[in-house]
Amino acid sequence: MKLLYGVQGTGNGHISRARAMARALKAYDVSVDFVFSGRPAERYFDMAPFGDYRTFTGMSFISRDGKIALLETAKKHHVRQLYRDIRALDVTGYDKVVSDFEPITAWAARQQGVPSVAISHQAAFAHAVPKQGEGLINRLIMRYFAPTDHAIGLHWYHFNQPILPPIIDIGSDDSLSLKASQSEDVLVYLPFESLDAVTALLLRFNQGFVCFHPDVKQGYRRENIRFMPLGKASFHTALKACQGVIANGGFELPSEALTMGKKLLLKPLAGQFEQLSNVATLAQLGLAHAMTHLDARAVRDWLKAPATGEIRYPDVARALAEWLVKGELDQTHSLFHQLWSQVRFPEAVEECLLDISRPHPRRRQHPLLLNRLMR
């Protein structure tokens with residue numbers, strides 16, 4: 001079997017999921033080629049698991065100081081180039097195309113009649129899950145940005161919908177599930193905020209921070225802050241050791257942090273529907289604190305708050321790899337049941353989850369994702 005795997009490169013979370021899937025697929029007699037789009041080729045890092053991968057310009061949103069810059073985004077998008085890339089990408093030699101919200105591979109598969117499947121967090125928003133700030137444009141983007149024949153959505157909780165738990169990129173190091181903090185430092189990853197603004201916020205506290213930021217090219221220390229350049233190994237080391245995480249509202253980093261029982265303080269990227277929804281969802285589940293801006297009072301209150309506890313998620317990547325290789329893309333019920341039955345949440349959030357799981361008049365129920373499934 002030969003697969004083409006397209007990955008949205010704007011966020012490191014998409015790439016982390018792809019690493020986990022690449023590792024899981026190696027257990028099978030399958031050839032996988034990877035395509036990335038959404039960031040300049042020179043800004044990808046730690047890409048060895050993907051072999052001889054290809055990159056395209058693609059499409060992505062531009063942010064400034066924690067907000068989506070719509071005008072700049074519209075000016076920079078090269079729609080003609082995107083169209084040319086879709087037309088030029090030959091996918092007819094592949095048995096399937098997999099897309100993690102990557103438009104070029106998804107549209108090429110649709111135009112050339114090759115079976116395609118989405119495996120992404122964005123696919124979960126096609127279902128009745130919590131949404132914040134959704135408008136017509138957001139619905140159109142989620143539906144048409146990277147359309148596929150089949151879709152597997154990933155989320156922190158099922159909400160009685162046919163979606164799966166997160167894919168956690170643990171690499172070959174099973175200590176990602178480490179429970180106890182090894183330091184009192186707080187990990188800070190706010191790539192959409194200016195480095196100066198983040199620094200000004202953190203300097204206000206008598207607290208150690210480890211701050212990763214794309215504008216940091218070489219590690220250094222300033223008072224209570226240790227600044228680090230982006231790197232998968234160093235980031236995971238800091239994540240395992242920290243007492244908590246301050247981040248934007250992505251999906252993969254909170255997923256990894258929750259598996260280790262790290263407390264979360266999240267600041268969504270203003271104007272970004274997915275991040276607004278993510279932060280609102282985790283707050284609703286009692287799994288994170290939220291702030292709308294770089295708020296010293298919110299940080300101070302969060303530093304005093306206890307951690308909620310760890311979530312135990314199964315190896316979703318391995319299950320999905322087997323499902324892809326078997327090729328029965330319409331057969332997903334047993335997959336949902338198998339994976340969610342293994343999830344364990346902290347006792348402190350069980351009542352909240354049971355309340356959320358109660359039937360809702362507007363929420364389509366899935367027969368295998370019952371309220372008592374979490375017990």
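The values are calculated or read from the model by the stated rules, or taken from the named source; none is laboratory data. Note that this is a predicted model, so its numbers are computed, not measured. Don't worry about glycine lacking a Cβ; one is built from the backbone with ideal geometry, like all the others, and counts go over all protein chains shown. The area values use the complete protein model at the heavy-atom level, side chains included, leaving out ligands, DNA and RNA. Shrake-Rupley method; radii C 1.70, N 1.55, O 1.52, S 1.80 Å.
Key figures
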| quantity | calculated |
| --- | --- |
| Antiparallel DSSP beta bridges within the stretch 153-272, as percent of all bridges there, nearest 5 | 15 |
| ARG222 paired with SER194, simple spin-label distance in nm, labels 7 Å along Cα-to-beta-carbon | 1.2 |
| Chymotrypsin sites (Phe, Trp or Tyr not before Pro) within the stretch 226-291, DSSP loop, no more than 14 other Cβ atoms inside 10 Å | none |
| Karplus-derived HN-Hα couplings along the stretch 233-248 (A = 6.51, B = -1.76, C = 1.60, θ = phi - 60°), whole Hz, x at Gly and Pro | 5, 5, 5, 5, 4, 5, 5, 5, 8, 6, 8, x, 10, 10, 8, 6 |
| Given charges at Cβ of Lys, Arg, Asp, Glu: the stretch 185-314 dipole, positive-most of THR281, LEU258, ILE225 | ILE225 |
| Protection proxy ranking of 315-325, 25-35, 99-109, 1-11 - average other beta-carbon atoms within 10 Å, highest first | 99-109, 1-11, 315-325, 25-35 |
| Residue-span extension gain [ARG80 to GLU350] - 0.36 nm each, minus C-alpha spacing | 92.3 nm |
| Pair LYS326, ALA128: separation of 7 Å Cα→Cβ label points (nm) | 2.8 |
| Partner aspartates and glutamates for LYS240 [C-alpha distance under 18 Å; skip if fewer than 8 residues away on the same chain] | ASP169, ASP173, ASP174, GLU184, ASP185, GLU252, GLU256, GLU310 |
| Net length gained if the chain between HIS333 and LYS26 were fully extended (0.36 nm per residue, minus Cα distance) | 108.1 nm |
| FRET efficiency, TYR44 to GLU184 (Cβ-Cβ, R0 30 Å, nearest 0.05) | 0.35 |
| Calculated P(r) tail over 39 Å for the chain, as whole % of Cα pairs | 12 |
| Sequence-distant residues sharing a close amide H with LYS131 (under 5 Å, placed H) | none |
| Nonlocal amide H pairs with SER116, under 5 Å, H built at 1.01 Å | VAL97, ASP149, HIS150 |
| Positive-end residue of GLY133, GLN207, SER234, charge dipole of the stretch 118-264 with Cβ unit charges | GLN207 |
| Heavy-atom accessible surface of the chain: percent carbon and sulfur, 1.4 Å | 49 |
| Mean accessible surface per residue for the chain, computed with a 1.4 Å probe while every protein chain stays in place, in Å² | 46 |
